[in-house]
Every structure is written in structure tokens, then in C-alpha cells.
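Peer 1: Quick one: this structure, given as C-alpha cells, is what I'll be asking you about.
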Amino acid sequence: MKHLKILAFSLSALLATYIGLGSAYAKVGDPAVDLLANKIDRILKSDSPRKFNGVISIEKDGKNIYAKAQGYADFDKQERLKLHDNFRIQSNSKQITGVLILKEVEKGSIDLARPVSEYLPTLQVDWAKLVTVHQLVNMSAGIVALDKPLLFQPGTGFHYSNPAYALLGRIIEQVSGKKYSEVANAFFKEIGMHNTFCYDYDENEQALVNGYQWAQDKYQLVNFNKLGFTPATWEDFIPTGGIISNVQDLHIWDTKLHNGELLSRHSYEIMTTSNVPDTFTPLSEDEIAYGYGINIINAPISFLGHGGSGFGFASIKFYIPEKKINVIVLENLFHDEIPIRYFYQTEIRKLVLGSDLVR
């Protein structure tokens, strides 16, 4: 009878994970985990300011303590989301680009202190000789667009710049002799991220849930193929926001990144050390710092994370090194107003940081 009870519990947990009806790991006998799970469940039942439509996965010490899928991958077909569905991670792609740059640094093919012009000699802009690779990665270059003047003297301020990361993609291509997508996809395969890939704009059949815009109290499908990309502009976009992944692979990424399996200790310190000021309220209400595709938050507890949004998607992931807690929230739903777009991500972040798991 005891074995039957165990089997029944295991099947119930698996079913809950698959169809998204509950927290697969909510009842594990740890009061702190159970309390956190119950609080997250209560928030997800709310439909104000909008409904949650996505997946959540939280790990501690490499073990999953909360997992849930809620809502739809396809609203027209009423196809429910599954926990391991693929999402556009948008600007969380930048963290991957930051690591790929540092991998080239470790090989000796890139010097972070060198100007952009040294790696992209055909880039015809005056500031190419002023901006260093380091300043591209930590958003201190002041680049608004490739055809416009810098906002400030490089290294003296912060400006979140997609064009800066497009240039990083070009630099990776220049020093490797391969397309950015080839370099990134090979790296994903090497580290065991088998569901992660650079989106191919010309390929119609790719494993990916639909993205939706929440507007006028209803969901509207975002038609990605009508967004105006060309093959050239898409190649530039991949390093800044063009990667597809799921919670399973992102846990692999964060665990290996923050436990010394992707970079040398020196490279990791470069990535996660910064005095470049940033503000991103979904991760912190206070000023934070921007590293190499990663936000650095030091209070009330130190953690590292990033967000991403656009094209019908919004995501946040963060890692608490001291507690080895990794939180990933992916939604296939976008709202123009940041507080509404990141409402559930923000609330979940507050619950995790305020839980007994962290204190």
C-alpha cells in the first residue's frame, strides 16, 4: 500500500506539470517551500491587471521546488502551455552574447580594451575608434544607432543599446569566421542545451509557442513575419534578442554559468563586476549595475539576473548565488506598459526574496 501511495503521488505531480494545473513540487515537506508555492499559486489566480500566461520554474541546489504552466500556447486552438515549451527569450539573449565574447577573450582572439574599429574596420562611424569592446558589452558606450552621435563620452554613462549588441555579434563573426548563430548553436549543443537555438527568420517550422499582445482587455496574436525584418537586420538582431529557449535549458545555462562551468573565474568576475548604473524595476526598485548582459543587484541580498520582452513575449530570470536558487518566468504575452508587462515576474521576485528560503 505504501508503494501505491508513492506511485499515486508521483503520477499526480507529473500530470500537474504536464497540463499546467498545479505546482508539481509544491508539497515536498519543507514549510518554506510549501509557503512560497502557495503564495505564488494565489497570485497566479488573479486576473488583475491581466491574467498570467506562461511558465514558472524555480530550482534550489539543482532541484526543482516549484514548476507550473498556466494559459495557452495557442489561444485560437485552445492549446495549453506545457512546462517545457519554447519561448523567445528576447534580451535574455544578451547574456549569451556576453559569455560568447568572453569565450573569445579566453582564446585570445578579442581584447576587451581594444576599440571596435580594430575588429570591424569597415564600420564607417567616427566613434568606432573611441568605443571599446568592453563598453559595448556593459552598455557604457552611449550608442543610440549606428548612424547617430554617441549620447556621451564612452565609459561615462549607461544607455541600454540593442545596436551595441548587434556590433558584438559582428565582432564574434569576424574573429571566429562563422555566423553568430553557428557559434551560439554549437555552444548550446556542447553544454547540453538541446532545446535552445537562434531563430531562423527564413525557416517556417520551428518549435515555438505563439506570442500575444495584451491590448484593450484581449489577446492579439503577434504576426512575427510582418514585423519588417530583412535577412540582414535579423542577423544583427539575433545577438541582442533572437534566441529561443525553455525553462529546462535556462536552468542548465544558469547553473553552469554561476558554478564556473562556462567561464574561467577571471572571466566570470569581469562579467559580474560593474559600476555602470542601471534601473530595471522588475528586478529591483533601487539602482542596480549592468555587467556583461546581466544585472547585478546587491541589496537586500545579492543576486544576478536579466529581463527580456518584445514580439509578444516577456521573461525574467535571476540567480541567488549564496542560496543556489534559480528563478525563471517566461510568458508569451506582452503589454506596452512595463508595470503590467512584468507584473507577475515582479511579484514572484518579491515573494522569493522575501521567503524563508532566502533569509
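The values are calculated or read from the model by the stated rules, or taken from the named source; none is laboratory data. Please read these numbers as outputs of a predicted model, since none were measured by experiment. FYI the Cβ positions are ideal-geometry reconstructions off the backbone, even for glycines, and counts take in every protein chain you see.
Peer 1: I'm checking my understanding of the structure. Among residues of region 29-78 that are surrounded by 14 or more Cβ atoms within 10 Å (Cβ to Cβ) and part of a loop (DSSP other than H, G, I, E, B), which one is modelled with the lowest pLDDT?
Peer 2: Among those residues, the one meeting the criterion is 30.
Peer 1: Return only the number of the condition from (1) touching a helix residue (DSSP H, G or I) at 6+ places or on another chain (Cβ under 9 Å); (2) assigned to a helix (DSSP H, G or I); (3) without any contact (Cβ under 8 Å) to a residue 24 or more places away in the chain; (4) not β-branched (Val, Ile, Thr) that residue 284 does not satisfy.
Peer 2: Of (1) touching a helix residue (DSSP H, G or I) at 6+ places or on another chain (Cβ under 9 Å); (2) assigned to a helix (DSSP H, G or I); (3) without any contact (Cβ under 8 Å) to a residue 24 or more places away in the chain; (4) not β-branched (Val, Ile, Thr), only one is false for residue 284: (2).
Peer 1: Does residue 306 satisfy being modelled with pLDDT of 95 or more, outside any loop (DSSP other than H, G, I, E, B) and farther than 21 Å from residue 61 by Cα? Steps first, please.
Peer 2: Working: modelled with pLDDT of 95 or more: yes; outside any loop (DSSP other than H, G, I, E, B): yes; farther than 21 Å from residue 61 by Cα: no.
Here the answer is no, as residue 306 does not meet what is asked.
Peer 1: Shifting gears a bit: Restricting the search to region 311-328, which residues are part of a strand (DSSP E or B) and either within 9 Å of residue 59 (Cβ to Cβ) or in contact (Cβ under 8 Å) with a residue 40 or more places away in the chain (or both)?
Peer 2: Correct list: 313, 314, 315, 317, 319, 325, 326, 327, 328.
Peer 1: For residue 134, state whether it is under 14 Å from residue 293 (Cβ atoms) and without any contact (Cβ under 8 Å) to a residue 24 or more places away in the chain.
Peer 2: Yes; evaluated as a whole, the condition is true for this residue.
Peer 1: Where residues in region 119-160 are of a type in the set (Ser, Thr, Tyr) and in a loop (DSSP other than H, G, I, E, B), which of them is farthest from the chain's Cα centre (by Cα)?
Peer 2: Taking region 119-160 as the starting set, the residues that turn out to be of a type in the set (Ser, Thr, Tyr) are 119, 122, 132, 140, 156, 160.
Pick out the ones that are also in a loop (DSSP other than H, G, I, E, B) and you get 122, 140, 156, 160.
Working: 122: 31, 140: 20, 156: 26, 160: 15 Å.
Ranking the qualifying residues of region 119-160, first place goes to 122.
Peer 1: Restricting attention to region 229-248, which residues are at pLDDT 80 or above, surrounded by fewer than 15 Cβ atoms within 10 Å (Cβ to Cβ) and of a type outside the set (A, V, I, L, M, F, W, C)? Give the steps one after another, and end with the answer.
Peer 2: Taking region 229-248 as the starting set, the residues that turn out to be at pLDDT 80 or above are 229-230, 232-248.
Next, from what is left, pick out any that are surrounded by fewer than 15 Cβ atoms within 10 Å (Cβ to Cβ): 230, 232-233.
Correct list: 230, 233.
Peer 1: Among the residues of region 43-75, which ones are within 28 Å of residue 29 (Cα to Cα) and either without any contact (Cβ under 8 Å) to a residue 40 or more places away in the chain or aromatic (Phe, Trp, Tyr) (or both)?
Peer 2: 45, 46, 52, 63, 66
Peer 1: With region 161-263 as the region, which helices (runs of 4 or more DSSP H) entirely inside it contain at least 2 residues that are without any contact (Cβ under 8 Å) to a residue 12 or more places away in the chain?
Peer 2: 180-190, 231-241
Peer 1: If residue 290 satisfies all but one of (1) touching a helix residue (DSSP H, G or I) at 6+ places or on another chain (Cβ under 8 Å); (2) surrounded by 20 or more Cβ atoms within 10 Å (Cβ to Cβ), what's the number of the condition it fails?
Peer 2: For residue 290, the failing item is (1).
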